[in-house]
Structures are given as structure tokens and as C-alpha cells.
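A short write-up of the structure that comes next.
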Amino acid sequence: MPIASSSTSLNPEPVPDLDTPKPPPLKKHQTQVSCLGRLYKYHFLLNALQNAEILDDFGQYFEILGSLLLEHEANPSVDKPCACGRLGMKATTHCHDCTGYRTACESCFIDAHLCNPFHWAEVWDNAQGFFIRHDISKLSPIRHGSEAEHLSKANHIIQLGHNGKECPSPCGETLFTIVDDNGIHSTRLAFCGCHELPPNKVDQLMRSQLFPATTRQPETAFTFNMLKRFQLHNLESKKAAYDYLGAIRRLTDNSFTADVVNPYAAFLRVVRVFNYLTSKKRAGQFHSIDLILAHRPPGNLIVWCPACPEPGFNSDPNCPETPHSLRHLNQSQRTLDGNFQCNQFNKNTDPDDVSLCAGKGYFPLDSEYKKYLAGVPVSKEKSNCNYLKAVNKQDKKKQDHPVPGRRSTDPGSSVCVPHYPYAKFKD
């Protein structure tokens, strides 16, 4: 009986099925995407593991970190002689707004905060055994000029116009409310009377980076830093002015917040004015940019698309000579869109509200827009699409059944198609 040859196998190789289509090979960009996906997943898992390990490391430091936090509540150097060496002066005042501030007497605190008068003074109370927060105007400085320095009965006054130092001719001393990003301060201000009487209060406040709540007789002001930070919080995290100011009041007194003054109405007014002035500054209107960009509307506050061609600004002077078949390369593309769910309700708190931009921004003036609409015939065109009935419903809602209590409805916008900056809005 013949023996099977070595080429014969008990498990023969499977015969490929010619009817089954083979999967197409991955293209180069598909391979790159797949590799990037695996790499991203690897980094995500690695970061999650590292984060868990770092959090676990904190466990053995909880007691140490807790004791370090408590050190700020009861400083061991409190009620000891102050480092300044003044007779009878004890270190009772601390500052948590400064980094590494050494507890000192009230006079040293004032001297160190002449240019930072809105840092809270944490004053130690021996009777109660804890720090009590005070504004700098509640502290009493040491008066110099005599052999025996004495404690003045008058409290500190924030002096404007002299970098915090005393003014030879102070005037207009008044109680003032200053809103900073660390709280609301009920303090005392004095204006400078060296150059003019009566002093220009708005000018001196603005030069001290304090935005007045009114230009008539200001008694409330907001620091520039506070307004800039709210602008970022409002644009980035959509935080409302009510919530932001509520947090500022909590920073002032987290236990008796209801007793803290609430300048909400003034804050809304100042934010509008500050944002408007910021827009004018960024648009170059304070630098007479209309003389340079004369082809744009005067007083323009719109952010124009820098990539879209504008004759005489960023386009080729030979654009008019472009062949007709290539003119689409030099044209601006706009699209119109509307939001039929965005409505502005009438406000019962400001029936005489005015527009600061006066048609120079994205929305036109109401008078000009209504005049334009008066000359536009009513369109009877209806949409034949079964799934697009928004236009029909809006026409019926606006003409036959106007919605009460709404100031404007369904805004539309003009958008640059390739780059998507907004060009104009309308109601």
C-alpha cells in the first residue's frame, strides 16, 4: 500500500470563496484617523489613571492641609508687638488679598495699601477671639510730625489724585460705595482740590480706575478690574449680572449677605456703558479710524470679516479687470438666517430705554427700520414644503395675532458664508 506523500495534509488549506467580496484596503487618510483614534483613547486612559493616582495621593495630606488652612483663621503672631517698633502698636491686622502679608498694626496696613485700598483688613478681636473684616476706612493711622507719634481719632480716607498720599487741599470728602472683584466696600473718599474747584469727580474717579455709576453726583463706582472680569465671565460662561453680583455680595459677607448693599440697578447701567465704550475702543472709533477706513459707514462698531474682499482695503486693485468667469473669486458671500424662537419681551422697568449704539452696531435704529418696512409690500408668498411652515406661521402670528408683551420677535441675521462672522441683524 503506497504511503501518502509529505505534501498531503490532514487539514488542507481552505479554498477561498470567490463569491465573497474582499474588504477594500484602508486608504492613507483612513489609516491616519484610525491611528489618531487609538492614540487619543490611550492618552485619555493614561490621564484618567494619573488623575486617580494624584487624587489618591492627597489622602495622606488631609490632616496637614487642614491644619495649614486653620493657621489663617488664628495667626499665632496676633496681638504681639508690631515689627515697625512703634510704642504700644500691636500686630492685629492681616490681609488675605496680599500674598505672604505679615500681620502688622493698623498703621502699617494703611502704609502698605495706599495703592491697594480695596484689600480687606482682617482685624483681630480679642473679646471674640477671631478676625473681623473691615474696610480700610475703618482703620486709624498713626499721625507723624511730632516727637511723640499719636493715634489719630479720625479714620483713614482714600485720597484721589495723589497715588494714595495726602492732598494739600482735599475737598469733597464723602461716603462712597466701591464695588471690586473681592467685595463691596463702604468706604470714604476725598477728591483733590489742587487744580480746580469744585473738583471734577468723574475725571478723578476714572483716572483712579473707578467707573462712576452716574455723571451727576456719583456715590457709587465699580473698579475697572471688576468690570473686565464680569465681561469675560459673561461671555465665556454665560454668567448673568444678577448671579455675578450675588457672588460679589457673598464675598463681602457670606453670613449676613442680606445686610450688604445691593447696587444691582447701577451695575446693569454701568455694564452697558462700559461694554459700549469697549466696543468703540476696539473698533478704533476713539482713534478716528473713519478717516482711514472711509469706505465703511461712519461710526461703525461692527467687526467686519477680515478675509472677505473689500475694495480699497484688502483686495487687489485690479479686481475690476478680473475675467467674468473668475469674478466669483473676488465676491463676498452672504446668507440670511432667522431664529423664530428668539423673542425679546417688553421690560416694565425701563419704558424709556435708549440705544447706545444708535444703529452703528449690528441692529439698526427702530425708526429707520420701521420707515423701511412701511415701504415694503406685504408678501403673500407661502411655502409649499410640508415640513417648513415657519414662514407661514410667523406671517399669521405677526399680522393677524400679534403676540402681546413682546418688544421684538424672530430676529434675522446676515452672515458671511465662508468665515461666519455676523454682518447685520434685524427683527
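All of the numbers you see were taken from the coordinates with simple rules; none came from a lab. Nothing here was measured: the structure is a model prediction, and the numbers come from that model. Heads up, the Cβs are rebuilt from the backbone with ideal geometry, glycines too, and the neighbour counts pull from every protein chain shown.
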Here the relative contact order (percent) of segment 74-142, from C-alpha pairs under 8 Å and at least 6 apart, is 26
Past 22 Å, Cα to Cα, is the threshold; run 138/228; 228/281; 280/360 against it and keep the listed order.
138/228
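To the nearest 0.05, what FRET efficiency results for residue 61 and residue 247 with a Förster distance of 35 Å applied to their C-beta separation? Before the final figure, lay out the partial values.
On the way: r = 29 Å, r/R0 = 0.83.
The computed FRET efficiency comes out at 0.75.
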With each pseudo-label sitting 7 Å past Cα toward Cβ, what's the residue 224-residue 356 distance in nm, one decimal?
1.6
What do you get for trypsin sites (Lys or Arg not before Pro) in segment 73-133 restricted to DSSP loop and a cutoff of at most 16 other Cβ within 10 Å of the site's Cβ?
86, 102
Could you run the Karplus curve 6.51 cos²θ - 1.76 cosθ + 1.60 with θ = phi - 60° over segment 364-376 and give me ³J(HN,Hα) per residue in whole Hz, x for Gly and Pro?
x, 5, 4, 5, 5, 5, 5, 5, 5, 5, 5, x, 9
In whole Hz and in residue order, list the ³J(HN,Hα) couplings for segment 238-252 that follow from phi through the Karplus curve 6.51 cos²θ - 1.76 cosθ + 1.60, θ = phi - 60°; x for Gly and Pro.
6, 6, 6, 5, 5, 5, 5, 5, x, 5, 5, 5, 5, 5, 6
Pull up all non-local amide H partners of residue 185: gap of 5 or more, or a different chain, and H-to-H distance under 5 Å with H placed in the peptide plane.
178, 179, 180
Under 5 Å from the placed amide H of residue 120, counting only residues 5+ away or on other chains, we find 97
Which length gain, in nm to one decimal place, applies between residue 258 and residue 368 when the Cα-Cα distance is subtracted from 0.36 nm times their residue separation?
35.1 nm
At most 12 other Cβ within 10 Å, DSSP loop - chymotrypsin sites (Phe, Trp or Tyr not before Pro), segment 228-270
256
In whole percent, the Cα-Cα distances of segment 74-142 spread across 10 Å bins from 0 upward as 23, 59, 18, 0
